[in-house]
1. Just give me the residues in segment B:139-174 being more than 14 Å from B:L73 (Cα to Cα) and free of Cβ contacts under 8 Å to residues at least 40 places away in the same chain, in sequence order.
2. Looking at segment A:37-61 only, could you name the residues that are modelled with pLDDT of 95 or more, open to solvent by 20 Å² or more (accessible area, probe 1.4 Å) and more than 9 Å from every other protein chain (Cβ to nearest Cβ)?
3. Within segment B:124-139, can you find the residues that are of a type in the set (A, V, I, L, M, F, W, C) and modelled with pLDDT of 90 or more?
4. Being in contact (Cβ under 8 Å) with a residue 12 or more places away in the chain, within 16 Å of ligand 2 (Cβ to nearest atom) and within 13 Å of another protein chain (Cβ to nearest Cβ) is the filter here; which residues of segment A:14-36 pass it?
5. Pick from B:S117, B:S198: which is over 26 Å from B:I28 (Cβ atoms), among the hydroxyl-bearing types (S, T, Y) and touching a residue at least 24 places away in the same chain (Cβ under 8 Å)?
6. Give the residue, chosen from B:R83, B:R44, that is within 14 Å of another protein chain (Cβ to nearest Cβ) and more than 20 Å from the chain's Cα centre (by Cα).
7. With the checklist (1) farther than 27 Å from A:E194 by Cα; (2) in contact (Cβ under 8 Å) with a residue 24 or more places away in the chain in hand, flag the one item A:A150 doesn't pass.
8. Can you find a residue in segment A:84-101 that is under 19 Å from B:T243 (Cβ atoms) and free of Cβ contacts under 8 Å to residues at least 40 places away in the same chain?
Amino acid sequence: MMSSSPAVSVRDLLVERGGRPVLHGVTFEAPRGSVVGLLGPSGCGKTTLMRCLVGVQTVKGGAVSVLGEPAGSPGLRRRVGYSTQSPAVYADLSVGENLRYFASVLGAPRGDADRVVEEVGLGRHRDQIAATLSGGQLSRANLAVALLGAPELLVLDEPTVGLDPVLRQELWELFRELAERGATLVVSSHVMDEAGRTDRLLLMREGRVLSDSTPASLRASTGADDLEEAFLQVISQRAGSPT
Amino acid sequence: MSLTITLATMRRILAQLRHDHRTLGLLIGVPSLLMILLRYVFDRPGAFDRVGPMLLGLFPFVIMFIVTSVGTLRERTGGTLERLMTMPLGKLDLLLGYALAFGLVALAQVGVVLAISLTWLGLDLNGSVGSLVLVAVLDALLGMALGLFASAFARTEFQAVQFMPAFVLPQALLCGLIMPRGQMAGWLEAVSDVLPLSYAVDAMQEVSREPGFTGALARDVGIIAGCTLLALVLGAATLRRRTG
Ligand SMILES: Nc1ncnc2c1ncn2[C@@H]1O[C@H](COP(=O)(O)OP(=O)(O)OP(=O)(O)O)[C@@H](O)[C@H]1O
Ligand SMILES: [Mg+2]
């Protein structure tokens, strides 16, 4: 069945960047309609993995399938939304102009630019030039682009970095709402308290998946209440075990 | 490729320019200013009539080269190119979007310089204004296409700006502006024969001398258009959906 097949399926993914291996055989699946969190220390390969999902990363080996097609297939370009870690919008255009341009490239319906600008809470800054936005506002403008055209898979690279707790809360409510409407979300983060809001949690370290489970079972298996604590335990267990 | 996306890209690039009043002012103002300077440096109608049209072909070429190479480099380094590559935008949509937007800018640029030259500066043209505008806009598109291509080899804006002297100055030296190409050493003439700017300047000389649309002019126009297409194709090959 189409609807029961996972939205994302990654098998034995190998990636080299700058001549050095960065992902060493990553395997995981993201069920449809779920929010999958991607956590791990800086430089562990979260962004690289996300680039593979949207099909802009050259890969050395393995298979990445997205919504039933190989990642990066032309048919996926309207169905997958990507928000990059460092904002990728035109600094010299207003928020509205940026969104309207990307909306027409995506063939998104008229009025979609207005919808997403409200969803990320930038309604009052619609006519402001992107270069003059605050850091958090700019990252929300960047997120808004990924929401255009109501994609079935959203790949969001640290969408809440640098935002205050209230805004983070609001965005996670939005992510949950999108998942309830059937979208699948892969969200990377550094913030451990956000990890508890996901359906599945992928802990990465040095290009490998250390643990792939739900927040609840991660807490149970490590006996740690706090996810940060649980993460540290997983790392030390792995470090102790022979390879 | 899609017409909607191409036109949206054109409008987006024009909107970026519209927000940047200083760049727009420089694009339109600098060639006019240089032309006025040139007119009073020569201060002899004959010499200005000979050199003026050649510069009318050179300015749009040089300026579009710089603007495009820096502009596309900014798309590459700013991440917007990568973002577009995850979207249903064809490489040709992007390139033609640039070509249309900068073609329009070139038209405005040439229009202003030409208006000043023909009235105030008293430029005497034997050929038609129409062919001159055609050649000037083609030169601009050639500069744009080469700029797109060159930007693939630059990692920083400093490097991109350095490509201007590297790509453009040798062509400017050899194109017949400073020394007629027939009077150059044989090997230099051979080099200039394969440089597209030589034909741009040649076409401008043709327009300033001959009243009709001559066969030589048609040949030059064909070569410039061919080089532009070639550079666009090469530029498209440097746009990669997947990168390391
Ligand atoms: N363009 C590149 N060329 C060479 N190496 C790269 C390149 N980009 C990233 N790397 C390396 O690949 C590894 C993984 O980088 P990646 O950006 O995927 O990490 P990350 O988990 O997203 O980190 P962060 O949390 O800091 O964003 C790092 O060691 C990084 O130095
Ligand atoms: Mg990252």
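The values are calculated or read from the model by the stated rules, or taken from the named source; none is laboratory data. If you're wondering where the values come from, they're calculated on a predicted model, not measured in any experiment. In this analysis, Cβ positions are derived from the backbone assuming ideal geometry, glycine residues included, and neighbour counts consider all displayed protein chains. Surface accessibility is based on the protein's heavy atoms, side chains included, excluding ligands, DNA and RNA. Shrake-Rupley method; radii C 1.70, N 1.55, O 1.52, S 1.80 Å.
1. Answer for segment B:139-174, where residues must be more than 14 Å from B:L73 (Cα to Cα) and free of Cβ contacts under 8 Å to residues at least 40 places away in the same chain: B:P165, B:A166, B:L169, B:P170, B:Q171, B:L173, B:L174.
2. A:T47, A:K60
3. B:V129, B:L132, B:V133, B:L134, B:V135, B:A136, B:V137, B:L138
4. Across segment A:14-36, the qualifying residues are A:V15, A:R17, A:V22, A:L23.
5. B:S198 is the lone residue from the list that is over 26 Å from B:I28 (Cβ atoms), among the hydroxyl-bearing types (S, T, Y) and touching a residue at least 24 places away in the same chain (Cβ under 8 Å).
6. B:R83
7. Answer for A:A150: the failing condition is (1).
8. yes
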